[in-house]
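Undergrad: Once you've had a glance at the structure underneath, I'll fire off some questions.
The values are calculated or read from the model by the stated rules, or taken from the named source; none is laboratory data. Since the model is a prediction, treat every value here as computed from it, not as a measurement. Cβ sites come from the backbone with ideal geometry, for glycine too, and all protein chains shown count toward neighbours. Note: areas computed on protein heavy atoms with side chains; ligands, DNA, RNA excluded. Shrake-Rupley method; radii C 1.70, N 1.55, O 1.52, S 1.80 Å.
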Amino acid sequence: MTQQKYYTALELDKILSRAAALVCCPQARQMLLEQPAADNADEERFALSQTDAVTCLLLKNGSPRFAPVEGMEEVVQRACKGGILSMAELLRAATMLRNFRTLNEWYHLTEHDMLPVDDLFYGMTAQPALEKQITEAILSEEEMADTASDELYQLRRKIRQTESNIRDRLDSMIKNPNSNKYLQDAVVSIRNGRFVVPVKAEFRGEVGGVIHDVSSSGATLFVEPTAVVEANAKIMQLRSQEAAEIERILEAFTSQIAQQEAPIRFGYSCMLQIDVLLAKAKLALEMNANLPDVTDAGWFSLKKARHPLIDPAKVVPIDVELGREYDTMVITGPNTGGKTVTLKTAGLLCAMAQHGLLVPVQAGSTVCVFRNYLVDIGDEQSIEQSLSTFSGHIRNIVGILETAGPGALVLLDELGAGTDPAEGAALAVSIIERLRRAGARIMATTHYAEMKVFALETPGVQNASCEFDVESLRPTYKLSVGVPGKSNAFLISEKLGLPAEVIAAANVHLSNDDKRLDSVLAKLEDLKIQLKARQDEIEQLKYDAEHQLESARKQRDALIKQGETELEAARLKARTMTQEVQQNAYALMDEMRRLQKDEKASAAQKAQRAREIARKDAEKLFGKTDVVHNVPREFTPLKSVKIGQEVCIAELDQLAVVSALPDRHGMVEVRAGILRTKVPLSGLCAPAKEKKEQPRKQTGRPAGRSATVQRSASSRDARMEINLLGMTVEEALMEVDQFIDHAVLNNITPIYLIHGKGTGALRSAIHAHLRGHRNVASFRLGRYGEGEAGVTVVELK
C-alpha cells in the first residue's frame, strides 16, 4: 500500500475534504488537498503556528471578505508576453487586487504582536488606484463603461446620435402612406450591423437601397434605404473607432499588469496560502481544536482526544500516549468497545498535525513527526465492526514489515485474527517483536490472552483496555492504560439470554491457565478502580490547595494595594497641609498688618489679638496632622470626566475640579483649592448629595434656593479676603483667580479683594477681569466700614 492509501485508511482524506470545502479559490483547494506532510518537527511546528495565528485572527476579527480568483499566473504571463488581456481577465485581476486590500485591512483590524503569517500579509501589495480604474472602466466581461476614456465617451455619443437620426428617418418612411404600402411590417430592424426595413418582394423596385437579407420564404427583403446608407456607413466607421479605442484601453491596463508582474505573482501566491490557512482555521473552530506541542523525540501524548468524524455530542474523549515510556501498546477488550476508534484517533490526529491542522485535544497535548503511517485496519473496516479477512490482513502486514523502520507509526487492528487462535497469537507476538526491532512505534488491538501476557512480561510494551458496561451491554469507549481488558464473553452471553447450563459447560472447558488469567484480570480491574478513585481524590485535594493559594495571593495583593493607597493619601494630605500652611501664613501676615494700622488699639490689645490669631491657626493646623487610616468606603467610580467637572477624591473625601482629561495611564489632573495633583480615574466619584445640601441646613434656605453660604459684613473673617497691595497686575490677577476658586470650593461668598486706592490702575484691571469671570455674579466697591474704594466686594455664583 502507498502512503496515500494508509492515509485513506485513517480517513485523513475526509478531514482534508472538509477543509477544502471551506476554501474560496479553486487553486487553493487543490493546494490543500495535495499539501505534503511536514518532514521534521520545526516544519510541523511552524505550520501549526501559522494555522493557530489565523485562528486567533478569525476569533478577534471575524471572517474576511474574500472573493474566489483563479488562473492569475497565466493571466500575468500572457500580459508579460505582449498579449492583450480581455475584460474578463482584467476583472479577475481587479478581484485579486481587491482581495489584497481587504485581507490587509482585516489583518490590521486589531493590534497584535508579530505573527508567523506576517510575511504572507505583507507580501500582498495593494494597488487601490489600479483596482479602482479597472472596476470603474469595465462593467462586465463583455461591456466597457462609456467613462473608460474621454475618446470612448465621445465616440459612443456620436454613435447614439447617428442611430437616433437614422431611426427618425426610417420612422418617417414607415409612417408615410406613400411608402408604407411597400413594407411587409412597420418595424425597423438591423442586419449586418446596418438599419433596414422589411420590403415586400414584389415592390423591390419601388424602394431604392441595398438588400442585406432575405426572409426564409423569400417574400420579404431587408433593404437599407438609400437615404440612410451614408449614415449607416458613418456608424460602421464609428464602431470601428470604438473597437480600436476599447483595444487601446485594454492594452493600457495590460501594460500596467505586466509592469507589476513580480509583486502580483508573489502576492497571488501569498493570497492562496492565506486562503488555505483560513480554511484550516475555520475547520479548527468547527472541531473546537487546539494547538499541540511538537517534539522531535518520537513520542506523542494526546489528552482528551476526540475523533473528529464522530458526532461531538456522542464522542468520548480518550487519553493516549506512545513512545515515551513504552514503544508498543496492546489494546484489548470486547468487540464494539472502541479499540479501532482508539487506533484511528491516535493515527489521524498525528497525521492532521503533520499537515498543519489543529487537532481536537486538550491544551498541553504533544505530537511528533512520523515518516510513515503503516495501517492495517481492513478495506471495509469501520468504526463499528471489522469485515476484513485473515488473508487481507497478512497481505497488508507483509508490506508493513518491508517498510517499517525508525520514525514509523504502525497501527494493527485485530492482529492475528481470522485463523487458529494458537497460531494467530504466535504470529501476532512474532510480528510485534519484528516491528519493535525495526524501531517502529506500534499500537495493536487483539483478543488473544497470549498477547496480554506478552505485554505484561515484556519491557516497553504496555497493556490497555476499552471499558465495557456489562449491566447495560454498552461500551463506554473509555481507554484504560496499564490494565488488559476482558472479552466478557460469558457475562455478555448470559445477559443476552444464553442458557445458564451452556455457560457453565463452557466454563468447564476453560483451561486452568485461562481461569487464573481471568482471576488476575478481575483483581487488576478492582485495583484500577481503587487507583482511579485515589487519583480523583488527589486531584481534588490539589485543586483545593491551588484555590486556597490563589485566595491567599489575592488577599496579599489587596493588603498591598490598601497600604499603597493609604500611603498616597498621606502624601496628598501632606501636600495639602503644606499649601494650607502657606495660605495661613499669608493670612496671618495680612492680619498683623491690619493690627499695625489700627491706631485705636493699644499695644497690649494688638499683642493679645496677635496671640489669639496665632493660637487659633496653630490649633487648626495641628488638628489636621493626624493621618487617620480609614477603611476605604464603598463608592461608584466615574467612568469618564469632563474638564471643569466637580468630583470627589474618594480616598480623601475631598471635593475637586477636573483640570485635564485622563492620560493614557488613566490619571486625571484635578485641582483642590489651589493644589493641583493627579489621581486615578477609578479613585474619583460623584460628590455626595448630603455635602451639597449641608449648607442649606445651616442657613435654613428653601430647597430650591442656592446652597452657597451667604455672609454679612459683620461676619467677615480672614478666609473671605485677600490682600493684593504691592503686587503687579499679573500677580494680583493670578492670586484673585486662585482665591475665587478656593472660595467656590468652600462655598464662601462674598469675598473681599483689598487692592488699595492709589492711582486706580490695579482696581481697574481687577474689575475688568471680574466682568468676564464665570464664577462672579456681581461686584462693587466697599461701603463705609468695608474699606470703601480700596476694597472690591465680590458676590460669587
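So that you can scan it fast, the table gives a plain yes or no per residue for (1) modelled with pLDDT of 90 or more; (2) among the aliphatic types (A, V, I, L, M); (3) in a helix (DSSP H, G or I):
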site	(1), (2), (3)
LYS132	yes, no, yes
LEU152	yes, yes, yes
GLN161	no, no, yes
SER164	no, no, yes
LEU170	no, yes, yes
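Undergrad: Identify the residue in the stretch 432-453 that is in contact with a strand residue (DSSP E or B) (Cβ under 7 Å, 6 or more places away or on another chain) and assigned to a helix (DSSP H, G or I) and, among all such residues, is most open to solvent (accessible area, probe 1.4 Å).
TA: ARG436
Undergrad: From the list THR110, THR95, which one is among the polar types (S, T, N, Q), assigned to a helix (DSSP H, G or I) and within 29 Å of the chain's Cα centre (by Cα)?
TA: On the way: THR110 fails: assigned to a helix (DSSP H, G or I).
Exactly one residue qualifies, and that residue is THR95.
Undergrad: What are the residue pairs meeting all of these: first residue in the stretch 297-309, first residue of a type in the set (S, T, N, Q), second residue surrounded by fewer than 18 Cβ atoms within 10 Å (Cβ to Cβ) and outside any strand (DSSP E or B), Cβ atoms under 8 Å, and 6 or more apart or on different chains?
TA: SER301/ARG324
Undergrad: Which of the residues spanning the stretch 729-759 are part of a loop (DSSP other than H, G, I, E, B) and farther than 12 Å from VAL776 by Cβ?
TA: ASN746, ASN747, HIS755, GLY756, LYS757, GLY758, THR759
Undergrad: Would it be correct to say that LEU103 is more than 23 Å from SER86 (Cβ to Cβ) and part of a helix (DSSP H, G or I)?
TA: Values: more than 23 Å from SER86 (Cβ to Cβ): yes; part of a helix (DSSP H, G or I): yes.
So LEU103 passes the test.
Undergrad: Turning to a different aspect of this structure: Which of (1) in a loop (DSSP other than H, G, I, E, B); (2) open to solvent by 50 Å² or more (accessible area, probe 1.4 Å) does GLU247 not meet, given it meets every other one?
TA: Just one mismatch for GLU247, condition (1).
Undergrad: Taking the conditions exactly as written (over 16 Å from VAL223 (Cα atoms) and surrounded by 14 or more Cβ atoms within 10 Å (Cβ to Cβ)), does GLN161 satisfy them or not?
TA: no
Undergrad: Now a separate question. List the number of the failed condition for GLU89; all other conditions in (1) charged (D, E, K, R); (2) part of a helix (DSSP H, G or I); (3) within 28 Å of the chain's Cα centre (by Cα) hold.
TA: Evaluating GLU89 over (1) charged (D, E, K, R); (2) part of a helix (DSSP H, G or I); (3) within 28 Å of the chain's Cα centre (by Cα) leaves (3) as the failure.
Undergrad: Taking the stated definitions as given, is ALA262 assigned to a helix (DSSP H, G or I), within 30 Å of ARG29 (Cα to Cα), modelled with pLDDT of 90 or more and out of contact with any helix residue (DSSP H, G or I) (no Cβ under 7 Å at 6 or more places or on another chain)?
TA: So ALA262 fits the description; yes.
Undergrad: Another question, then. Please verify whether ARG534 is at pLDDT 75 or above, among the basic types (Lys, Arg), within 54 Å of the chain's Cα centre (by Cα) and open to solvent by less than 70 Å² (accessible area, probe 1.4 Å), treating the condition exactly as stated.
TA: The answer is no for ARG534.
Undergrad: Out of all the residues in the stretch 14-44, which are surrounded by 15 or more Cβ atoms within 10 Å (Cβ to Cβ) and under 19 Å from TYR373 (Cα atoms)?
TA: ILE15, LEU16, GLN35, ALA37, ALA38, ALA41, GLU43, GLU44
Undergrad: Follow-up question, since we're still on this one. If LEU91 satisfies every condition in (1) in contact with a Gly (Cβ under 8 Å, 6 or more places away or on another chain); (2) farther than 29 Å from ALA351 by Cα but one, which is the exception?
TA: Among (1) in contact with a Gly (Cβ under 8 Å, 6 or more places away or on another chain); (2) farther than 29 Å from ALA351 by Cα, the lone unmet condition for LEU91 is (1).
Undergrad: Looking only at the stretch 110-142, count how many residues are within 20 Å of ALA93 (Cβ to Cβ) and either in contact with a Lys or Arg (Cβ under 7 Å, 6 or more places away or on another chain) or open to solvent by 90 Å² or more (accessible area, probe 1.4 Å) (or both). Give the derivation first.
TA: Kept after step one, since they are within 20 Å of ALA93 (Cβ to Cβ), are these residues of the stretch 110-142: 120-121, 123-142.
With either in contact with a Lys or Arg (Cβ under 7 Å, 6 or more places away or on another chain) or open to solvent by 90 Å² or more (accessible area, probe 1.4 Å) (or both) added as a condition, the list becomes 126, 128, 131-132, 136, 139, 141-142.
Of the residues in that region, 8 qualify.
Undergrad: Under the condition of being under 10 Å from the mean Cα position of the chain (by Cα) and part of a helix (DSSP H, G or I), which residue from the stretch 54-73 is nearest to ILE274 (Cα to Cα)?
TA: Just the residues of the stretch 54-73 that are under 10 Å from the mean Cα position of the chain (by Cα), to begin with: 54-63.
Now narrow it down to the ones that are part of a helix (DSSP H, G or I): 54-61.
Details: VAL54: 8, THR55: 11, CYS56: 14, LEU57: 12, LEU58: 12, LEU59: 16, LYS60: 17, ASN61: 15 Å.
Filtering the stretch 54-73 for residues that are under 10 Å from the mean Cα position of the chain (by Cα) and part of a helix (DSSP H, G or I), the one nearest to ILE274 (Cα to Cα) comes out as VAL54.
Undergrad: Return the total of residues in the stretch 36-82 being among the small types (Gly, Ala, Ser) and closer than 19 Å to THR102 by Cβ.
TA: Residues that pass the stated criteria total 4.
Undergrad: Working only within the stretch 766-777, note down all residues that are of a type in the set (A, V, I, L, M, F, W, C) and touching a Leu at 6+ places or on another chain (Cβ under 7 Å).
TA: Once the filter is applied, which keeps residues that are of a type in the set (A, V, I, L, M, F, W, C) and touching a Leu at 6+ places or on another chain (Cβ under 7 Å), the stretch 766-777 yields ILE766, VAL776, ALA777.
Undergrad: Within the bounds of the stretch 229-238, is there any residue that is open to solvent by less than 40 Å² (accessible area, probe 1.4 Å), closer than 30 Å to LYS81 by Cβ and within 60 Å of the chain's Cα centre (by Cα)?
TA: no
Undergrad: Within the stretch 348-376, take every residue that is among the aliphatic types (A, V, I, L, M) and in contact with a Ser or Thr (Cβ under 8 Å, 6 or more places away or on another chain) and give me the one that is surrounded by the fewest Cβ atoms within 10 Å (Cβ to Cβ).
TA: Among residues in the stretch 348-376 that are among the aliphatic types (A, V, I, L, M) and in contact with a Ser or Thr (Cβ under 8 Å, 6 or more places away or on another chain), the one surrounded by the fewest Cβ atoms within 10 Å (Cβ to Cβ) is LEU358.
Undergrad: Ok, one more. Looking at (1) among the hydrophobic types (A, V, I, L, M, F, W, C); (2) without any contact (Cβ under 8 Å) to a residue 12 or more places away in the chain; (3) open to solvent by 20 Å² or more (accessible area, probe 1.4 Å), can you tell me which one ALA145 breaks?
TA: Unmet for ALA145, out of (1) among the hydrophobic types (A, V, I, L, M, F, W, C); (2) without any contact (Cβ under 8 Å) to a residue 12 or more places away in the chain; (3) open to solvent by 20 Å² or more (accessible area, probe 1.4 Å): (3).
Undergrad: Go through the stretch 760-797 and give me each residue that's part of a strand (DSSP E or B) and either among the β-branched types (Val, Ile, Thr) or closer than 26 Å to VAL657 by Cα (or both). Full working, then the answer.
TA: First, pick out the residues of the stretch 760-797 that are part of a strand (DSSP E or B): 776-781, 791-796.
Within the stretch 760-797, VAL776, ALA777, SER778, PHE779, VAL791, THR792, VAL793, VAL794, GLU795, LEU796 qualify.
Undergrad: Let me ask something else about it. Which of the residues that make up the stretch 761-788 are surrounded by 13 or more Cβ atoms within 10 Å (Cβ to Cβ), more than 59 Å from the chain's Cα centre (by Cα) and in contact (Cβ under 8 Å) with a residue 24 or more places away in the chain?
TA: The answer is LEU762, ARG763, ALA765, ILE766, HIS767, GLY782, GLU786, GLY787.
Undergrad: Sticking with this one: Considering only residues that are open to solvent by 60 Å² or more (accessible area, probe 1.4 Å) and part of a loop (DSSP other than H, G, I, E, B), which ones fall in the stretch 646-657? Can you show your working first?
TA: Within the stretch 646-657, the first condition is being open to solvent by 60 Å² or more (accessible area, probe 1.4 Å), and the residues that meet it are 646, 651, 653-654.
Once the filter is applied, which keeps residues that are open to solvent by 60 Å² or more (accessible area, probe 1.4 Å) and part of a loop (DSSP other than H, G, I, E, B), the stretch 646-657 yields GLU651, ASP653.
Undergrad: Could I ask something else about it? Assuming VAL631 fulfils every condition listed in (1) more than 30 Å from GLU788 (Cα to Cα); (2) at pLDDT 85 or above; (3) of a type in the set (Val, Ile, Thr) apart from one, which condition is it?
TA: (2)
Undergrad: Here's another thing I want to ask about it. Does GLN273 count as open to solvent by 40 Å² or more (accessible area, probe 1.4 Å), modelled with pLDDT of 95 or more and polar (S, T, N, Q)?
TA: For GLN273, the condition - open to solvent by 40 Å² or more (accessible area, probe 1.4 Å), modelled with pLDDT of 95 or more and polar (S, T, N, Q) - is met.
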